[in-house]
Amino acid sequence: MCNYYSFLNILFLSFLISFSKYNEKISDYNIYSNDPHNLITTSNYITYELITPLFSDYAYKHRSIYIPKNKKIKYYDKKIFEFPIGTIISKTFYYPHDFNDIKKGISLKETRIMIHQENGWIGLPYIWNDEGTEAYLEIAGDIKYASWIDNKGNIQSIDYMVPNMNQCKGCHVNGEIFKPIGPSAKQLNKDLYYDGVLENQLQRWEKIGILETIPDIEDIPKIAKWDDEHFENINNRARAWLDINCAHCHNEEGPANNTGLYLDYYETDLKSLGINKTPVAAGRGTGKLKYDIVPGYPEKSIMVYRFESTDPGIMMPELGRTMVHKEGLDLIKQWILNLN
């Protein structure tokens, strides 16, 4: 019954969009200059990166943003930035053929567009054709085959899942408001090359007039890079991974707020972080384990049990992946071991 009504809802949304103002093709947004495989944006958009990005079945992501002329982004220390009406955020998912040599080419899978309208944000999924020459609006989502050579030289392949519009809401709704997840001070406080010059992203945005005045860089928060074991301690790295992969739901205003498990980077209450915390609801998702996190014992922790599963009724995050993030899981296991 639920699947039937979900299907009807998607059909209705398809009908609305087919007669709406939204572009049917990604090229209509004028994001990429010439061959999109080069991932070079036009002057309308500015490329940006996050310090610790969300895991999405090992897909790479190219992010860019368009800000209307004479409009500015409102800066916040801890909250997601406030973007002016007319902002367009694009995120293109792709796989290099060989993770060890990106010069061997890439395969484009999807581009997700977020548009800030007068009545709020909307998310639109565009799926690339097999040639990677064009992407088309497909609000019902799709499945795209993906294969690549990983960093260890092994061939990997999956059925890559493109979410439908309703599934996008599952992660992007916070406090009952649809909004972006990544663009925040702590995630954007990093250097990136602009026209061959290495420059802090936030300072660059301020300089070109799309971001209001910001504090001194030394006073701006910065999240840890989850896989940078040489410069970041394991607690900061694990908390960064949990923040981007889990905290968009697991916070006081998110869809999982009834769980009492809050995984925001700034959370300080140990029980809210899951340490010796019993789950709100029992069932298959617990694996018959008692606590979300048992310090010193990852094998006894529900969190680990759910991260290492690909069963839709067990795994967390429940959307956005079909594979286990092995490196991220190893990080969380080591973090829990160190909590003892």
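The values are calculated or read from the model by the stated rules, or taken from the named source; none is laboratory data. Since this is a predicted model, take the numbers as computed values, not measurements. Cβ: placed from backbone, ideal geometry, glycine included. Neighbour counts: every protein chain shown.
A few comments on the model shown:
- Looking only at residues in the stretch 302-332 that are of a type in the set (A, V, I, L, M, F, W, C) and assigned to a loop (DSSP other than H, G, I, E, B), the one that is nearest to HIS250 (Cα to Cα) is MET316.
- Any strands (runs of 3 or more DSSP E) falling wholly within the stretch 30-139 and containing at least 2 residues that are hydrophobic (A, V, I, L, M, F, W, C) and touching a strand residue (DSSP E or B) at 6+ places or on another chain (Cβ under 6 Å): 88-96, 106-117, 120-128, 135-137
- Residue match in the stretch 74-85 (condition: of a type in the set (Ser, Thr, Tyr), loosely packed, with under 14 Cβ neighbours inside 10 Å and in contact (Cβ under 8 Å) with a residue 60 or more places away in the chain): yes
- Just one of (1) closer than 14 Å to LEU39 by Cα; (2) of a type outside the set (Phe, Trp, Tyr); (3) crowded, with 19+ Cβ neighbours inside 10 Å fails for GLY123. It is (1).
- Candidate set: the stretch 18-46, residues that are surrounded by fewer than 17 Cβ atoms within 10 Å (Cβ to Cβ) and either β-branched (Val, Ile, Thr) or not assigned by TED's automatic domain parsing to the domain that holds GLU138 (or both); chosen: the one nearest to ILE143 (Cα to Cα): ILE40
- Some residue of the stretch 288-299 being in contact with a helix residue (DSSP H, G or I) (Cβ under 6 Å, 6 or more places away or on another chain), assigned to a loop (DSSP other than H, G, I, E, B), under 30 Å from ILE67 (Cα atoms) and not polar (S, T, N, Q): no
- If only residues of the stretch 84-108 that are of a type outside the set (A, V, I, L, M) and within 16 Å of THR47 (Cβ to Cβ) are counted, the one that is farthest from the chain's Cα centre (by Cα) is THR87.
- Here ILE73 meets the list (1) within 30 Å of GLU218 (Cβ to Cβ); (2) more than 21 Å from the chain's Cα centre (by Cα) almost entirely, failing just condition (2).
- Among the numbered conditions (1) touching a residue at least 24 places away in the same chain (Cβ under 8 Å); (2) in a helix (DSSP H, G or I); (3) closer than 30 Å to PHE93 by Cβ, the only one that TYR265 does not meet is (2).
- Of all residues making up the stretch 287-301, the number that are at negative phi and either under 17 Å from the mean Cα position of the chain (by Cα) or without any contact (Cβ under 8 Å) to a residue 24 or more places away in the chain (or both): 5
- Looking at ASN251, ASN340, ASN276, just one residue is touching a strand residue (DSSP E or B) at 6+ places or on another chain (Cβ under 8 Å) and surrounded by fewer than 19 Cβ atoms within 10 Å (Cβ to Cβ), and that residue is ASN276.
- The one condition from (1) at pLDDT below 95; (2) under 28 Å from CYS246 (Cβ atoms) that ASN119 does not meet is (2).
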